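Taking it in order: structure first as structure tokens, then the write-up.
The values are calculated or read from the model by the stated rules, or taken from the named source; none is laboratory data. A quick note: this is a predicted structure, and the numbers were derived from the prediction, not measured. Don't worry about glycine lacking a Cβ; one is built from the backbone with ideal geometry, like all the others, and counts go over all protein chains shown. Ligands, DNA and RNA are excluded from the accessible area calculation, which covers all protein heavy atoms including side chains. Shrake-Rupley method; radii C 1.70, N 1.55, O 1.52, S 1.80 Å.
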Amino acid sequence: MSEDSGIMIFGEVRGGKLDSVTTELLGGGRRLALRLGQELFCLLVGSDVAGLAQEVVAFGADKVYVVTDSLLKEYQPDAYLAVTEKVVGQVKPQVFLLGQSDI
């Protein structure tokens, strides 16, 4: 993958399900990705979130990055930020979208 390409969404999970802000961002991200001729990625962080990857793809993501660990079961700003920073640094999306929420 070339540097700085793609649109990445931060996927929020609540109660074991995709949060509505994630599905909204995937819709907007898909339109932006099509307009820019880019791929759409989604990052899922948490515990036992891997099973949601197919649902994310069904909502329009081309690729899903999953970081799962029992230590990420509860939202912890420092841990989530560290994971997000690492993945974004490796993938290098052109655009990173996240919802305006308590996460």
Exercise for review: Being open to solvent by less than 20 Å² (accessible area, probe 1.4 Å), in contact (Cβ under 8 Å) with a residue 40 or more places away in the chain and not hydrophobic (A, V, I, L, M, F, W, C) is the filter here, so list the residues in the stretch 9-48 that pass it.
Suggested key: GLY11, GLU12, THR22, GLY29
Review point. Do we find a residue being at pLDDT 95 or above, part of a strand (DSSP E or B) and within 13 Å of the chain's Cα centre (by Cα) anywhere in the stretch 74-92?
Key: no
Exercise for review: Could you list, in sequence order, all residues of the stretch 58-73 that are in a helix (DSSP H, G or I) and open to solvent by 80 Å² or more (accessible area, probe 1.4 Å)?
Suggested key: ALA58, SER70, LEU71
Exercise for review: Identify all residues within the stretch 1-57 that are among the charged types (D, E, K, R), out of contact with any strand residue (DSSP E or B) (no Cβ under 8 Å at 6 or more places or on another chain) and assigned to a helix (DSSP H, G or I); write none if there are none.
Suggested key: GLU24, ARG31, ARG35
